[in-house]
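Asks: Below you will find the structure I want to go over with you.
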Amino acid sequence: MNGRADFREPNAEVPRPIPVIGVDYIPTEEERRMFAECNDESFWFRSVPLAATSMLITQGLISKGILSSHPRFGSIPKLIFACIMGYFAGKLSYVRTCQEKFKNLENSPLGEALRSGQARRSSPPGQSKQIWRYLG
């Protein structure tokens, strides 16, 4: 004996270690499939509708004279800007939904890290989270 008492129960369940997700993390096949699914769904169900809606609203505002068109290029620059903003708003609006999908994955280190909240705490301030780099 080493002079220390062992107070662990013999049949106690040992918690699994939380996986470390960093810049060099390589996603599993199932995680890659989920990244592709999230990318497609965020594009078709959020980005395209928001980009089209923002462009229609912008064109309506230009037609009514609330927004002015460019003397040389017309309404094109404002429509392109509205489209880009709608696209990114759609992508950003889908992040929570995609995180929930990853949390529901079985045997996924990334899902386990998201469930435990480790992904938010692991990256230092100012460093972008590399986890979502596959979303496009």
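Asks: When the solvent-accessible surface of protein heavy atoms is calculated with a 1.4 angstrom probe, in what order do M55, M34, M85 fall, highest first? Could the numbers behind the result be given before it?
Replies: Working: M55 70, M34 15, M85 90 Å².
Order by accessible area, largest first: M85, M55, M34.
Asks: Amide H of L67 versus every other amide H placed in the peptide plane: which residues, excluding those fewer than 5 positions away on the same chain, fall under 5 Å?
Replies: Residues meeting the amide H criterion: I62.
Asks: Same structure again: Determine the order of I26, I84, I21 by accessible area, beginning with the largest, at a probe radius of 1.4 Å. Please report the intermediate quantities before stating the final value.
Replies: Details: I26 120, I84 75, I21 15 Å².
Final ranking, largest accessible area leading: I26, I84, I21.
Asks: What list of ³J(HN,Hα) couplings, whole Hz, do you get for region 86-99 from phi and the Karplus terms 6.51, -1.76, 1.60, once you set θ to phi - 60° and write x for glycine and proline?
Replies: Per-residue couplings from phi come out as x, 4, 5, 5, x, 4, 5, 5, 9, 4, 4, 4, 5, 4 Hz.
Asks: Per residue of region 34-50, in order, report the coupling 6.51 cos²θ - 1.76 cosθ + 1.60 (Karplus, θ = phi - 60°) as ³J(HN,Hα) in whole Hz, putting x for Gly and Pro.
Replies: 5, 4, 5, 4, 5, 5, 5, 5, 5, 5, 6, 9, 10, 5, 4, x, 5
Asks: Continuing with the same structure: Can you work out the Karplus-derived ³J(HN,Hα) for every residue in region 73-85? Use 6.51 cos²θ - 1.76 cosθ + 1.60 with θ = phi - 60°, whole Hz, and x for glycine or proline.
Replies: Residue by residue, region 73-85 yields 9, x, 8, 4, x, 5, 5, 5, 4, 5, 5, 5, 5 Hz.
Asks: Relative to the present Cα-Cα distance, how much length would full extension add between I80 and S93 at 0.36 nm per residue of separation?
Replies: Numbers: separation 13, 0.36 × 13 = 4.68 nm, distance 1.98 nm.
Extra length from I80 to S93 when fully extended: 2.7 nm.
The values are calculated or read from the model by the stated rules, or taken from the named source; none is laboratory data. Since this is a predicted model, take the numbers as computed values, not measurements. Side chains included, ligands, DNA and RNA excluded: accessible areas come from the protein's heavy atoms. Shrake-Rupley method; radii C 1.70, N 1.55, O 1.52, S 1.80 Å.
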